[in-house]
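Provided herewith is a single structure, encoded as C-alpha cells, for subsequent inquiry.
Throughout, read-outs are computed from the coordinates displayed, never taken from laboratory work. From a predicted model like this one, the values you see are computed outputs, not experimental measurements. Quick reminder, even Gly has a Cβ in these numbers, built from the backbone with ideal geometry, and neighbours come from all protein chains shown.
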Amino acid sequence: MAQLKPLHPDHAPAVLAFERANRAYFAAAVFDRGDAYFDHFAEGFHALLAEQAAGVCAFHVLVAEDGSVLGRFNLVDIEEGTADLGYRVARHVAGHGVATTTVRELCALAAERYGLHTLRAAVSDGNIASRKVLVKAGFLPVGPADPANLSGRPGTWYRRDLGGHGASAEAPDRR
C-alpha cells in the first residue's frame with residue numbers, strides 16, 4: 001500500500017526517477033521543468049529540503065511499497081494559516097483515484113500537522129483531470145488565475161476551507 005511521507009533526503013533518487021519517467025506526460029498538462037532542473041537536480045532538491053526545514057513549505061511524496069514515487073504533493077508558501085497546494089502523479093496511476101485520495105489525505109494533514117485553515121490551488125483550464133481532483137477533494141473555484149503562474153495558460157484558482165465550515169467543506173465523492 002502506498003504511503004504519503006514528508007520529503008526526506010533519502011527520497012532524492014526515487015524523486016528524480018519519477019520526474020524523468022513522467023516528464024513528457026507532465027509537460028502535456030503543466031509546465032516542463034526544463035533541462036536545467038534535471039542537470040542541477042541535487043542542488044534543487046537540497047533547496048526544497050531547506051525550505052521545508054524553514055517551515056515555508058511542506059513537501060510530500062506518495063511512495064509505493066517498492067520505494068518508487070507515485071506522486072508529489074506539496075504545500076508551498078505557508079503563511080498565516082494558508083498554503084498553495086501542488087501535486088502531480090505518475091502516468092501509470094493517473095485516473096485511478098490516487099490523486100483525489102492523496103489530496104484529501106494532505107488536506108487533513110495540512111489542518112492537523114501544519115495548523116493550516118485554507119488551501120488554494122491554481123489549475124490551467126485545460127487540465128481537466130486536475131480540476132476534477134480538486135472538486136472531488138472539496139475545493140471550489142474562486143476566480144481566474146494569472147496565466148503567468150500557469151506557463152501562460154489561462155486557469156482558475158480553487159480554494160478549500162479546512163475547518164469544515166461553509167461552502168468549501170469536503171464535497172462528496174462523485175466518481
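So for segment 1-97, what percent of the C-alpha to C-alpha distances run longer than 16 Å?
58 percent
Which value, in Å³ per residue, describes the convex hull spanned by the Cα atoms of segment 86-129?
Per-residue hull volume (Cα only) is 77 Å³.
Return one number: the angle in degrees, 0 to 90 and rounded to the nearest 10, between the long axis of the Cα atoms of helix 12-21 and the longest principal axis of the Cα atoms of the chain.
The angle comes out at about 80 degrees.
Ranked by Cβ crowding within 10 angstrom, fewest neighbours first, how are Arg160, Arg104 ordered?
So the ranking, lowest neighbour count to highest, is Arg104, Arg160.
Could you tell me the largest-minus-smallest coordinate of the C-alpha atoms of segment 56-128 on each of the three principal axes, in descending order and whole angstroms?
Principal axes ranked by extent give 36, 32, 17 Å for the Cα atoms.
Going by how many other beta carbons lie within 10 Å of each one, how would you line up Phe26, Phe38, fewest first?
Final ranking by Cβ density, sparse to dense: Phe38, Phe26.
For a Förster distance of 25 Å, can you work out the FRET efficiency between the beta-carbons of Ala129 and Asp77, rounded to the nearest 0.05?
After rounding, the FRET efficiency stands at 0.60.
Right, here's the next one. Treat every Asp and Glu Cβ in segment 3-161 as -1 and every Lys and Arg Cβ as +1, leave all other atoms uncharged, and give the resulting dipole magnitude about the Cα centre to the nearest 20 debye.
Once rounded to the nearest 20, the dipole reads 640 debye.
Additional query: Write down the radius of gyration of the chain and its Dmax, each obtained from C-alpha positions, in Å.
Considering the chain through its Cα atoms, Rg and Dmax are 15.4, 45 Å.
Put a dot 7 Å past each Cα toward the Cβ at His92 and Ala28; how far apart are the dots in nm?
1.7 nm
While we're here: Could you state the angle between the C-alpha long axis of helix 98-112 and the longest principal axis of the C-alpha atoms of the chain, as a value from 0 to 90 degrees rounded to the nearest 10?
The angle comes out near 70 degrees.
Pick out, in residue order, every one of the GluC sites (Glu not before Pro) in segment 1-94 that is DSSP loop and has at most 10 other C-beta atoms within 10 Å; say none if there are none.
Those that pass, being in a loop and sparsely packed, are Glu65, Glu80.
Just the number, please: percent antiparallel of the DSSP beta bridges in segment 3-161, rounded to the nearest 5.
Roughly 90 percent of the beta bridges in segment 3-161 run antiparallel, per DSSP.
While we're here: Between His117 and Glu105, what is the label-to-label distance in nm when each label sits 7 Å out along the Cα-to-Cβ direction?
Once both label points are built, they end up 2.8 nm from each other.
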